[in-house]
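Before any comments, here is the structure.
The values are calculated or read from the model by the stated rules, or taken from the named source; none is laboratory data. Computed from a predicted model, the values in this text were never measured in an experiment. Every residue, glycine among them, receives a Cβ derived from its backbone with ideal geometry; neighbour counts consider all protein chains shown.
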Amino acid sequence: MPTVSIPALGLQLQAEPDENLLKVLRRHRVPIGWSCKRGECGSCKCVLERGEVDLRGYQPGALPASQREQGIILACSSRIVGDVQLGLVDTDDYIEHPLRSLACRVLWLRELAPEVFALRLRIVADLAEGAEDAGGAAGGTADGTADGAASAGGPFMFSAGQYAHLRVRDARGEWIGRDFSMAGTPVEAEYDGELEFHIRRTPTGSFSGLLGGAIAAGTELRLEGPMGKAYFRPRHEGPLYAVAAGTGLGPMLSVVQTALDNGKTDPVVLYAGFRNVSEVYGVDRMEQLARRHANFRAHVVVEFDAPGGLRGGRVGDALFADVKDLRDAKVYLAGSPAMVEAVSAELLTRGLASRDVHADAFYAPAPEALSAEQAGGARG
């Protein structure tokens, strides 16, 4: 019977041959992040210090070749073939919030830029297993709202930078769901029972295309979360750089505001990238943070046809033009997989340790996942 050794925790775990590594670690309550369980998000990274695993079925963006060469693996995509020794990534700042299934109601929908919307939700109640079609949110008040907390499980807790799976019924009554990062702060969810998401509406988007139609004030949604490992590390001492592309600005604003509200005194720098000037949003909030915190700086970067007064080019290039010394830094990224992959790879090339690069890459659902979701919900 193979053994999984984790010297840092003094653990010797027994496993079955060809058993999934993440399953073994979760069974023994080992502190490791996880989310998609499909090799797409990169949350379950660990270091293979000795031995061999059968690593298969993962997205290159979730585990770049440069990280693989350092011995980093994804637990969810690894099958045990013999004795192994593991090192855990980021155990000092490992935070685990309980995965919750909640009923929410849309408070409002506001356009931040053309086809970019802020979706504000109020938590109504916890959903007991099997309550998807119960005809309403159990535990809610008579008018369909709540007192700011999901009564059965207490306030919804997450860390800045994490995401959730949202679902809504379409015109045919079928559940449509996608993953979106929280743009509001954890304090808003914990004390006010409210969550905000920034979403780009696309004509072909089965979920985003419903914004302003089936998704409007009063619409009931389902939420499962929190998920993801690209969350703010409160123990970190050193510069914090947040790099966002498009609606990735939402979770990066949550990260920098949480860091500043927590009293971080090291430099906190936000790079917000957009394709063109019409897509720019969030400037007022960035300026407000800069007025309140002397250690905060924000750079708005427009890739194409940047007007006078705005920085032109790609957001990652702006970061690397400004920052030559990454010692003691942590970098958080959110946006398109292409941006996240490119900037992450360059950070590693420049010597930043993988444990100091935090991103959850979002990919389009696999065809089989879409089919399962349309048949009743892929993750819920």
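Annotations for the structure displayed:
- Contact map, the stretch 314-342: residues that are touching a residue at least 24 places away in the same chain (Cβ under 8 Å) paired with residues that are polar (S, T, N, Q), Cβ distance under 7 Å, separation 6+ or inter-chain. Pairs shown: Leu333/Ser344; Ala334/Ser181.
- Elements of the type strands (runs of 3 or more DSSP E) sitting completely within the stretch 208-295 and holding at least 1 residues that are in the same structural domain as Val116 (by TED's automatic domain parsing) and modelled with pLDDT under 95: these cover 220-227.
- Answer residue from the stretch 154-167, given it is of a type outside the set (A, V, I, L, M, F, W, C) and in a strand (DSSP E or B) and is surrounded by the fewest Cβ atoms within 10 Å (Cβ to Cβ) among those: Gly154
- Residue match in the stretch 324-333 (condition: outside any helix (DSSP H, G or I), in contact with an Asp or Glu (Cβ under 6 Å, 6 or more places away or on another chain) and of a type in the set (Gly, Ala, Ser)): no
- Residue in the stretch 227-236 that is out of contact with any Gly (no Cβ under 7 Å at 6 or more places or on another chain), buried (at least 17 other Cβ atoms within 10 Å of the Cβ) and over 20 Å from Pro337 (Cβ atoms) present: yes
- Matching residues, the stretch 94-118, being within 30 Å of Arg26 (Cα to Cα) and of a type outside the set (S, T, N, Q): Tyr94, Ile95, Glu96, His97, Pro98, Leu99, Arg100, Leu102, Ala103, Cys104
- Checked against the criteria, Leu74 does not count as closer than 22 Å to Gly225 by Cα, modelled with pLDDT of 90 or more and in contact with a helix residue (DSSP H, G or I) (Cβ under 6 Å, 6 or more places away or on another chain).
- Scan of the stretch 313-359 for residues that are under 20 Å from Cys44 (Cα atoms) and acidic (Asp, Glu), ordered by number: Glu341, Asp356
- Counted residues, the stretch 97-118 - those being buried (at least 23 other Cβ atoms within 10 Å of the Cβ) and under 19 Å from Tyr281 (Cβ atoms): 1
- Search result, residues across the stretch 252-296 that are among the charged types (D, E, K, R) and farther than 13 Å from Leu240 by Cα: Asp261, Arg275, Glu279, Asp284, Arg285, Glu287, Arg291, Arg292
- Residue in the stretch 14-32 that is surrounded by fewer than 20 Cβ atoms within 10 Å (Cβ to Cβ), under 21 Å from the mean Cα position of the chain (by Cα) and farther than 23 Å from Phe232 by Cα present: no
- Filtered by the rule that a residue be surrounded by fewer than 21 Cβ atoms within 10 Å (Cβ to Cβ) and either without any contact (Cβ under 8 Å) to a residue 40 or more places away in the chain or basic (Lys, Arg) (or both), the stretch 65-91 gives Ala65, Arg68, Glu69, Gly71, Arg79.
- Residues in the stretch 170-227 that are of a type in the set (Lys, Arg) and either under 22 Å from Ala113 (Cβ atoms) or in contact with a Lys or Arg (Cβ under 7 Å, 6 or more places away or on another chain) (or both): Arg178, Arg200, Arg201, Arg222.
- Counting only strands (runs of 3 or more DSSP E) wholly contained in the stretch 1-88, the ones carrying 3 or more residues that are closer than 25 Å to Asp356 by Cα, in contact with an Asp or Glu (Cβ under 9 Å, 6 or more places away or on another chain) and not basic (Lys, Arg) occupy 78-88.
- When we screen Glu111, Glu16, Glu40, Glu52 for residues that are of a type in the set (Asp, Glu) and within 30 Å of Val277 (Cβ to Cβ), the only hit is Glu111.
- Residue list for the stretch 168-193, filter: without any contact (Cβ under 8 Å) to a residue 24 or more places away in the chain and in a helix (DSSP H, G or I): Glu188
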